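To start, the structure under review is shown below, and the notes come after it.
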Amino acid sequence: MQGLVILLVCLTVGSACAGSVGVSNADPFEREGRIVGGQDTTIRAHPYQVSLQTKKGSHFCGGSLIDAETVVTAAHCLVGQKAAKVFVRLGSTLYNEGGRVVAVRDLAYNEDYSSKTMEYDVGILKLAEKVEETEDIRYVSLAEETPPTGTAAVVTGWGSKCYFWCMSLPKTLQEVYVYIVDWKTCKSDDYKYGEIIYDSMVCAYEKKKDACQGDSGGPLVVGNTLVGIVSWGYACAAELLPGVYTDVPSVRDWVLKTSKAL
Ligand code: ARG
């Protein structure tokens with residue numbers, strides 16, 4: 001019940017969930033903190049992954065580096081945030097040490113973002129300095145088309161896997177493989193969401209595997225292309241309730257335009 005209440009809050013007020021740890025996972029006995037059903041990975045395997053953090057170093061969302069000074073994340077990670085208070089750790093497998101931490105000069109999220117429906121859950125951060133590519137830091141390109149249902153994709157992050165009260169996040173980056181489910185299929189009777197799935201979303205599913213609280217804003221990738229942004233889900237890794245992502249092709253133009261303007 002507790003989980004359900006928080007989940008409803010998460011769905012209706014996306015921002016309330018940015019950085020929240022403690023809900024999710026269909027199995028209440030699984031208390032380990034990480035992407036659900038995933039495994040340890042390295043930043044070198046996913047060098048576009050970044051951690052959004054407070055000045056004190058608490059991780060609150062994921063993000064993806066798309067060029068020398070731009071990070072793509074979820075709008076619900078940025079609502080109520082000020083650029084001066086957000087820091088980005090790049091190039092580290094651990095969210096709490098290593099790589100480099102860069103300040104943020106500006107941020108914006110999509111004007112069509114709705115915390116009610118979670119449509120257009122996308123935002124960008126402009127870094128205070130330009131970051132060059134290294135073995136551990138790379139730019140990812142934005143997908144122009146949604147891959148067909150059934151395409152294998154990987155989602156990564158430092159998010160939680162805890163159902164009730166898990167206080168800590170995994171320090172090591174986690175990865176999990178899931179399969180793309182296009183929005184129409186995700187909305188169909190094959191799954192349990194129904195009408196709350198919109199065309200600016202894309203789902204990804206695999207039994208017992210999913211992103212979870214704290215992974216928001218992070219990358220869903222096929223090849224070296226960003227196809228989704230971790231946005232929401234009912235619980236995590238629950239039967240026939242896929243993870244729901246912002247469909248990158250639907251927001252690509254907004255990202256490119258806004259990135260130029262800031
Ligand atoms: N809204 C969550 C966050 O802020 C992400 C939830 C993703 N959930 C899922 N079942 N895939 O971190």
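The figures follow:
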{"read-out": "Pair list, Cβ < 7 Å and 6+ apart or interchain, from region 246-262 residues that are within 15 Å of TYR120 (Cβ to Cβ) and modelled with pLDDT of 95 or more to residues that are outside any helix (DSSP H, G or I) and open to solvent by 70 Å² or more (accessible area, probe 1.4 Å)", "value": "PRO249/GLU144; PRO249/GLU145; SER250/ASP199; ARG252/GLU144"}
{"read-out": "Pairs, first crowded, with 20+ Cβ neighbours inside 10 Å in region 79-90, second hydroxyl-bearing (Ser, Thr, Tyr), C-beta under 6 Å, six or more apart", "value": "ARG89/SER51"}
{"read-out": "Unmet criterion (only one of (1) crowded, with 24+ Cβ neighbours inside 10 Å; (2) farther than 16 Å from CYS61 by Cα; (3) modelled with pLDDT under 95) for ALA204", "value": "(3)"}
{"read-out": "Looking only at region 212-237, and only at residues there that are open to solvent by 20 Å² or more (accessible area, probe 1.4 Å), of a type outside the set (Val, Ile, Thr) and in contact with a strand residue (DSSP E or B) (Cβ under 8 Å, 6 or more places away or on another chain), the one that is farthest from GLU119 (Cα to Cα)", "value": "ASN224"}
{"read-out": "Flag if ILE180 is in contact with a Pro (Cβ under 6 Å, 6 or more places away or on another chain), more than 12 Å from the ligand (Cβ to nearest atom) and at pLDDT 95 or above", "value": "yes"}
{"read-out": "Hits in region 117-143 (condition: farther than 16 Å from SER259 by Cβ, within 19 Å of the chain's Cα centre (by Cα) and open to solvent by 60 Å² or more (accessible area, probe 1.4 Å))", "value": "ARG138"}
{"read-out": "Top-ranked residue in region 217-238 [being within 12 Å of the ligand (Cβ to nearest atom) and out of contact with any Leu (no Cβ under 9 Å at 6 or more places or on another chain); ranked as nearest to GLY62 (Cα to Cα)]", "value": "GLY218"}
{"read-out": "Pairs with Cβ under 6 Å, 6+ apart, first in region 146-165 and assigned by the TED database to the domain that holds TYR179 and at pLDDT below 95, second part of a strand (DSSP E or B) and buried (at least 24 other Cβ atoms within 10 Å of the Cβ)", "value": "LYS161/VAL36"}
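The values are calculated or read from the model by the stated rules, or taken from the named source; none is laboratory data. Here the structure is a predicted model, which means the values were calculated and not measured. Cβ coordinates were reconstructed from backbone atoms using ideal geometry, including for glycine residues, and neighbour counts include every protein chain displayed. Heavy atoms of the whole protein, side chains included, go into the accessibility calculation; ligands, DNA and RNA do not. Shrake-Rupley method; radii C 1.70, N 1.55, O 1.52, S 1.80 Å.
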